[in-house]
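Data first, discussion second: the structure below is written as structure tokens.
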Amino acid sequence: MRREWELGGAIMSEKLWSRHGLLMMAGAMLLSLLVSGMSRGQGTDFSKVQIKVTKVSGNIYMLEGEGGNIAASVGEDGIVLVDDQFAPLAEKIQAALKNLGITDKPVRFVINTHYHGDHTGGNAPFANAGSTVIAQDNVRKRLESGGTGGNGSSMKMDYKAAPKAALPVITFEHDVTVHLNGEDIRALHFPAGHTDGDAVIFFPKNNVVHMGDDFVRYGFPFIDVASGGSVQGMIDAMEKACAMLPADVKVIPGHGALSNLDDVREFVKMLKETSAAVQKTLDEHKTLEQMKQEKILEPWKKWSGEFIDSDKFIETLYNSLTGSKGQFIKHN
Ligand SMILES: [Zn+2]
């Protein structure tokens, strides 16, 4: 069976999407993609995914499997997770935490950094096992309604409404603090960055921060313009977060290896420079097609990745800077 997804006028083979599309899909969309993807030897076989646990600092650990990075506060009061990857990995994540031999107490809270399925896919199994899921108001709204994400042009991803068990039961508008394991774990909302529901999570006692997908290491970032994200918001969020943090803070990115503030600053510098390049071309009244043909992001080509290449990032910046969100916007 060959299936193709129509992406804003361009037809893109599912093969290209079956792996990277996983990064941001939720629910039935993910499932159908997985099933068809696996039947063609593509996609992720979750039974083969191993959870790698890295001690970051004190009682904070970083867990990597498939999907977004997880931060875990593991201590005498139990466990607090930041993000939970995909539902089929929940048991392995539980087992990896138990294997640390620090506590037999359960995962008491899961804090979502944003709504994408590779960060919230485990919400239902963790909630069913007794965890309380916390997220920014817009995360719950998007999970509850389903909708369409994307960069406003060639990237367009439909996602179905999540089941009740997957919905955050505590939501916040601006910030919330969980007082466990001797630490004031604070989730702080930054508007309109990667999405409209992003939170950065601070572990001040351990000097660790989880940036969600406002900071990633896979090259040019995905900015979900169709879900209220913007490059300006992403820059603003990262500059504000950097200003709040000590120089030697350990930074857990949404995706990729453990980082530091210099890595975040280099990322922000690239966002500013590429935005300026697109803005300059916009001021010259050039079209999106002309920007692609003229390869205006060539000086930053080292950031062009398999997931977001230069053309997709030109589209993202164009839509972000012109306020165009494509025709498929459901929210905002
Ligand atoms: Zn994301």
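At a glance:
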| read-out | value |
| --- | --- |
| Which listed residue is modelled with pLDDT under 50 and over 21 Å from P163 (Cα atoms), from G27, G37, G65, G43 | G37 |
| Of the criteria (1) under 28 Å from V53 (Cβ atoms); (2) open to solvent by 10 Å² or more (accessible area, probe 1.4 Å); (3) touching a Leu at 6+ places or on another chain (Cβ under 7 Å), which one G256 fails | (3) |
| Residues satisfying the stated conditions in the stretch 179-200, i.e. in a strand (DSSP E or B), open to solvent by 10 Å² or more (accessible area, probe 1.4 Å) and more than 16 Å from G233 (Cα to Cα) | H179, L180, D184, R186 |
| Among (1) within 18 Å of T120 (Cβ to Cβ); (2) open to solvent by less than 10 Å² (accessible area, probe 1.4 Å) - the single one P163 does not satisfy | (2) |
| Which numbered condition G9 misses (of (1) surrounded by fewer than 16 Cβ atoms within 10 Å (Cβ to Cβ); (2) modelled with pLDDT of 95 or more; (3) within 27 Å of K312 (Cα to Cα)) | (2) |
| Qualifying residue in the stretch 201-214 (condition: assigned to a loop (DSSP other than H, G, I, E, B) and within 14 Å of the ligand (Cβ to nearest atom)) | yes |
| Matching option when the condition is at pLDDT 95 or above and within 16 Å of the ligand (Cβ to nearest atom), among G150, G75 | G150 |
| Among the residues listed as A247, A243, the single one being part of a helix (DSSP H, G or I) and either on the phi < 0 side of the Ramachandran plot or open to solvent by less than 20 Å² (accessible area, probe 1.4 Å) (or both) | A243 |
| Scan of the stretch 126-146 for residues that are open to solvent by 50 Å² or more (accessible area, probe 1.4 Å) and touching a Pro at 6+ places or on another chain (Cβ under 6 Å), ordered by number | G130, R140 |
| Out of T113, T103, T120, sole residue that is farther than 23 Å from G254 by Cβ and open to solvent by less than 30 Å² (accessible area, probe 1.4 Å) | T103 |
| Single match in E289, E298, E273, E266 (criterion: away from the ligand (no atom under 16 Å from the Cβ), modelled with pLDDT of 95 or more, surrounded by fewer than 16 Cβ atoms within 10 Å (Cβ to Cβ) and under 29 Å from D84 (Cβ atoms)) | E266 |
| Subset tally (residues that are more than 16 Å from the ligand (Cβ to nearest atom) and either over 25 Å from T177 (Cβ atoms) or assigned to a loop (DSSP other than H, G, I, E, B) (or both)) for the stretch 95-123 | 11 |
| Inter-residue pairs, beta-carbon under 6 Å, first of a type in the set (D, E, K, R) and in the stretch 105-124, second within 16 Å of the ligand (Cβ to nearest atom), 6+ apart | D118/L23; D118/G67; D118/G68 |
| Contacts under 7 angstrom Cβ, first residue in the stretch 273-299 being closer than 9 Å to I314 by Cα, partner open to solvent by 60 Å² or more (accessible area, probe 1.4 Å), 6 or more apart | K292/D311 |
| Subset tally (residues that are among the hydrophobic types (A, V, I, L, M, F, W, C), within 16 Å of the ligand (Cβ to nearest atom) and not in a strand (DSSP E or B)) for the stretch 79-94 | 1 |
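The values are calculated or read from the model by the stated rules, or taken from the named source; none is laboratory data. Being a predicted model, the structure only gives us computed values, none of them experimental. All Cβ positions, glycine included, derive from the backbone under ideal geometry; neighbour counts span all protein chains shown. Note: areas computed on protein heavy atoms with side chains; ligands, DNA, RNA excluded. Shrake-Rupley method; radii C 1.70, N 1.55, O 1.52, S 1.80 Å.
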